[in-house]
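Read the structure below first, then the notes.
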Amino acid sequence: MVTATGTAKYRAVHDELLRRIREMAVGDRLPSEPELCEEFAVSRITLRKAVDGLVQDGWLAREHGRGTFVTEPVAGDHYPEHFADVVTGFHRQQTSAGNVVTTRVLRQELVPAGAQVARLLELEEGEGVVELVRLRYVNGQLHQHVFTWVPHARYPGVYTGDFSDQSLYAFLQEQYGVSLVRNDMTVRVDEAAPDVALNLGVSAGLRLLTIDSLVFDADGTPVAFGTARHAPENSEISLTLHGPRPGV
């Protein structure tokens, strides 16, 4: 059963269907529309919107009089994240490229900092941090699952901020005057934990492209630590490296 409302309800149905489809074989038939409406407790309009999106993305095909079947999706669009010499957030990168970014906030809680988060953010273990968990979409396609931790004492507004349609980095700059001048990043491969797998619509244990990011302000103080795990179909990382200047 889906308990969200509006756009969030459609998105939740879409993501759950995608998770199931990935575990089905090509040619398998989806349950009937009435069965799915009853299971998810949604209207036919909401269900059809979710299924329409999966048909458009190539995951499903409708056959008149027979039903809706799993298909082999063709390679979709990729939305590369490009890293060069400037600290730029995901939202700004994608919108600057003409893409539409949407966000589904899964969790926004005040929690005690664990050992790793406390060390990276230069806090005492157990000190309060805002844990923000989001799904990020580009042009309607699920792109990444992101955990972010921000010191609550320094930036309390993050606990109540609305990040469904705004960038965390932009919020910090606008509300607190924070200038993000450095981003220490680690690119690695990580196995999808069950909760991450469920939200990304992949099998638990699948190896995912993962980026850890620790950003600092102009004083060298850590502002936020985040871990982004990327959907395998449309993710790409590109880097620009400059050699030393002549005479340097």
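Data table
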read-out: Subset of the stretch 96-147 [in contact (Cβ under 8 Å) with a residue 12 or more places away in the chain, farther than 22 Å from Asn183 by Cβ and either small (Gly, Ala, Ser) or not assigned by TED's automatic domain parsing to the domain that holds Val187 (or both)]; value: Gly126, Gly128, Gly140
read-out: Leu209 being assigned by TED's automatic domain parsing to the domain that holds Leu123 and surrounded by fewer than 20 Cβ atoms within 10 Å (Cβ to Cβ); value: yes
read-out: Selected residue (only one of Val178, Val150 is over 30 Å from Leu18 (Cα atoms), in contact with an Asp or Glu (Cβ under 7 Å, 6 or more places away or on another chain) and surrounded by 20 or more Cβ atoms within 10 Å (Cβ to Cβ)); value: Val178
read-out: First in the stretch 149-175 and outside the structural domain of Gln108 (by TED's automatic domain parsing), second anywhere and of a type outside the set (A, V, I, L, M, F, W, C) and assigned to a loop (DSSP other than H, G, I, E, B), Cβ under 7 Å, 6 or more apart; value: none
read-out: From Thr186, Thr210, Thr221, residue being without any contact (Cβ under 8 Å) to a residue 24 or more places away in the chain, closer than 24 Å to Ala170 by Cβ and of a type in the set (Ser, Thr, Tyr); value: Thr210
read-out: Residue list for the stretch 141-168, filter: among the hydroxyl-bearing types (Ser, Thr, Tyr) and in contact with a Leu (Cβ under 6 Å, 6 or more places away or on another chain); value: Thr148, Tyr159
read-out: Every residue from the stretch 100-114 that is modelled with pLDDT under 85 and of a type in the set (A, V, I, L, M); value: Val100, Val101
read-out: Residue within the stretch 200-217 that is within 18 Å of Val117 (Cα to Cα), of a type in the set (S, T, N, Q) and either modelled with pLDDT of 90 or more or in a loop (DSSP other than H, G, I, E, B) (or both) present; value: yes
read-out: Which listed residue, of Ala224, Ala153, Ala170, is part of a strand (DSSP E or B) and closer than 22 Å to Gln108 by Cα; value: Ala224
read-out: Count of residues meeting criterion [crowded, with 16+ Cβ neighbours inside 10 Å, out of contact with any Leu (no Cβ under 9 Å at 6 or more places or on another chain) and at pLDDT below 95] in the stretch 115-140; value: 2
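The values are calculated or read from the model by the stated rules, or taken from the named source; none is laboratory data. All figures in this text were calculated on a predicted structure; none of them were measured in a lab. Ideal geometry is used to build each Cβ from the backbone, glycine not excepted, and the neighbour counts take in all protein chains shown.
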